1. From 73, 69, which residue is under 17 Å from residue 11 (Cβ atoms) and at pLDDT below 95?
2. Counting just the residues of region 40-66 that are in a loop (DSSP other than H, G, I, E, B) and either among the aromatic types (Phe, Trp, Tyr) or at pLDDT 85 or above (or both), which one comes out nearest to residue 15 (Cα to Cα)?
3. Residues in region 1-39 that are among the acidic types (Asp, Glu) and either modelled with pLDDT of 95 or more or surrounded by fewer than 12 Cβ atoms within 10 Å (Cβ to Cβ) (or both): how many?
4. Looking at this structure, is residue 79 more than 24 Å from residue 96 (Cβ to Cβ), at pLDDT 95 or above and not acidic (Asp, Glu)?
Amino acid sequence: MSVPVSPIATRIARKLESQLQATVVQVENESHLHAGHVGAGEGSHFRVAVVSAAFAGRSTIEQHRLVYEALAEEMRGSIHALALKTYTPQQWEKADGRQG
């Protein structure tokens, strides 16, 4: 099932590209998988992979905090759930550009 890109997904990608100078941002809207439970809505659940040199030398928790800071406005409003995978460019290259 193909899910159309939502305006929120586009905003997420643009903010991460801008604020973290991310070289790769993959945003998957998973909201349709959560229909019927509390907090679910169009554009409320996302799976995001981010590649940024800003993550170098930082723990996974610190990397995720950078993402949450960049998306603070969305986290207070439209985003109910955010599954994150963060990579430095070197980690992304070793992963062969695959999420997982």
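1. 73
2. 52
3. 1
4. No; evaluated as a whole, the condition is false for this residue.
The values are calculated or read from the model by the stated rules, or taken from the named source; none is laboratory data. If you're wondering where the values come from, they're calculated on a predicted model, not measured in any experiment. Counting neighbours? That spans all protein chains shown, and the Cβs are built from the backbone with ideal geometry, glycine included.
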